[in-house]
Amino acid sequence: VVGFDLDHTLCRYHLPQSARLIYDSFAQYLVTEKGYDKDLLTLAPDSLDFCCKGLVLDIEEGNFLKLAEDGTILRASHGTKSMTSEEILETYGRREWKHFNTVSGMVSRSAKYYLYDNYFDLPGALLCARVVDSLDQHDGQKKYDFWKDMVAAIQHNYKISAFKEDCGTYFPEVKNHPDKYLQRCPESVKKWLKQLKSAGKILLLITSSHSDYCRLLCEHILGNDFEEYFDIVITNALKPGFFSHTPNQRPFRTLENDEEQEALLSLDKPGWYSQGNAIQLYELLKKMTGKLDPKVVYFGDSMHSDIFPARHYSNWETVFILEELLGDKVMVSVETESEPLEKKGKYEGDQPKVPYFVSEQWGSFFVDRLPGLENAEETLVRTWSCKCISTYSTIAIPSLEAIADLPLDYRFTRFSSNSSATAGYYPSPPRALLPNEESVTMK
């Protein structure tokens, strides 16, 4: 069984445009509904550089943190302003961040912190940082309580009825200009999906997007016959709860005209459903495959909603879609004009430089220097985000396109195949993780 997340997995976005739209949609709400400073609506051209996956917002302090694999704070900012090593020491000491043990268990619902791990959330990080700057300027306060307003902004823009009601800034804009925000699915990927199906695989689409938005995306990227690619489509899946909740807590529902109907006691046949849980889905997959323990692999872009819960609760194989793996290539091609052939136009097209592949302010997603004590040599360590990849995903790839042309029986090297932290990256590990001259000069 092969399952796919939709947003930023099967459906890739034009990131510079969608980041700007998401930022604007939250900022509009804070300014018009909650009375925040109008300056939040203007965005300096390169300010999205602040957005880096894997950041944690320490809500009470108004600080953003980049964590090492053991929970040590590698870099931090107060609002948008980077903190010095001294300031980090003063606030947090030389030890793991106090909430690290709950975060590293991926329990990221908390009034104290928020984890930024996907492109739908990420522009909100910049907005929160600017809100902190603005509050400091006007009130000079030490504890912050803007978070409830931020949650309201997210809910207002992404709530289940927003698409239908044309409410908020986000959905009306994507509806009116899909080409501006959505990348059509490459022919190679469409062909690959058909090959998988012809080879007898069962294909699933499991997305937390509601059915109406899912249909818009799929028709745009795959075509009007998109339902033929999948045996089972599950929308409004409310991941990660889809994987962690029991059938009683999160039953499946049928849909009529995008309205959810009464709860189903069991899942009996393929089709399009809403909400649900992995336990009942797996029972149906057993029936469909005629196997006692059918193998499922799930492709997704969010460690928190897709990869960790699918592995941890359902014991599925997981393929992590990590566009940051392209960031390496983008950096290289600046120095060397002649790009390798497989990169030519295949990913970037004529887009502006994609934001937050390699953030100037936050550095590599994968590694960073541990701030050294007086005159001590700095050591290079893996980030917590990087450790999660090799712990919870079977392999990590930059996009579906990167594997679509491979034979179906291609054997990937898994992260777990040996103790190497780089074994599971395909087609190649990020340069930052390779023991070569570049990383030596970083010391």
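The values are calculated or read from the model by the stated rules, or taken from the named source; none is laboratory data. A quick note: this is a predicted structure, and the numbers were derived from the prediction, not measured. Positions of Cβ are backbone-derived with ideal geometry, glycine not excepted, and every protein chain shown enters the neighbour counts. Side chains included, ligands, DNA and RNA excluded: accessible areas come from the protein's heavy atoms. Shrake-Rupley method; radii C 1.70, N 1.55, O 1.52, S 1.80 Å.
Things to note:
- Looking only at the range 360-379, and only at residues there that are open to solvent by less than 50 Å² (accessible area, probe 1.4 Å) and at pLDDT 90 or above, the one that is farthest from Thr72 (Cα to Cα): Gln361
- Sub-6 Å Cβ pairs linking a first residue in the range 284-313 that is among the β-branched types (Val, Ile, Thr) to a second residue that is surrounded by fewer than 24 Cβ atoms within 10 Å (Cβ to Cβ) and part of a loop (DSSP other than H, G, I, E, B), at least 6 apart or interchain, are Val296/Val1; Val296/Trp316, ordered by first then second residue.
- Residue, surrounded by the fewest Cβ atoms within 10 Å (Cβ to Cβ), within the range 269-327, restricted to residues that are farther than 15 Å from Ile389 by Cα and at pLDDT below 95: Leu326
- Residue that is farthest from Met150 (Cα to Cα), among those in the range 18-43 that are assigned to a loop (DSSP other than H, G, I, E, B) and over 24 Å from the mean Cα position of the chain (by Cα): Thr42
- Tally of residues being in contact with a Phe, Trp or Tyr (Cβ under 9 Å, 6 or more places away or on another chain) and assigned to a loop (DSSP other than H, G, I, E, B) across the range 294-328: 10
Condition check ((1) open to solvent by 10 Å² or more (accessible area, probe 1.4 Å); (2) closer than 18 Å to Phe120 by Cα; (3) in contact with a Phe, Trp or Tyr (Cβ under 8 Å, 6 or more places away or on another chain)) across all residues:
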{"residue": "Asn157", "(1), (2), (3)": "no, yes, yes"}
{"residue": "Ile160", "(1), (2), (3)": "yes, yes, no"}
{"residue": "Val174", "(1), (2), (3)": "no, yes, yes"}
{"residue": "Arg184", "(1), (2), (3)": "yes, no, no"}
{"residue": "Gly200", "(1), (2), (3)": "yes, no, no"}
{"residue": "Thr207", "(1), (2), (3)": "no, yes, no"}
{"residue": "Ser211", "(1), (2), (3)": "no, yes, yes"}
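- Those residues of the range 75-121 which are of a type in the set (A, V, I, L, M), in a strand (DSSP E or B) and modelled with pLDDT under 95, in sequence order: Leu115
- Positions within the range 393-432 being assigned to a loop (DSSP other than H, G, I, E, B), buried (at least 18 other Cβ atoms within 10 Å of the Cβ) and in contact (Cβ under 8 Å) with a residue 60 or more places away in the chain, in sequence order: Ser393, Thr394, Pro398, Ser399, Leu400, Pro430
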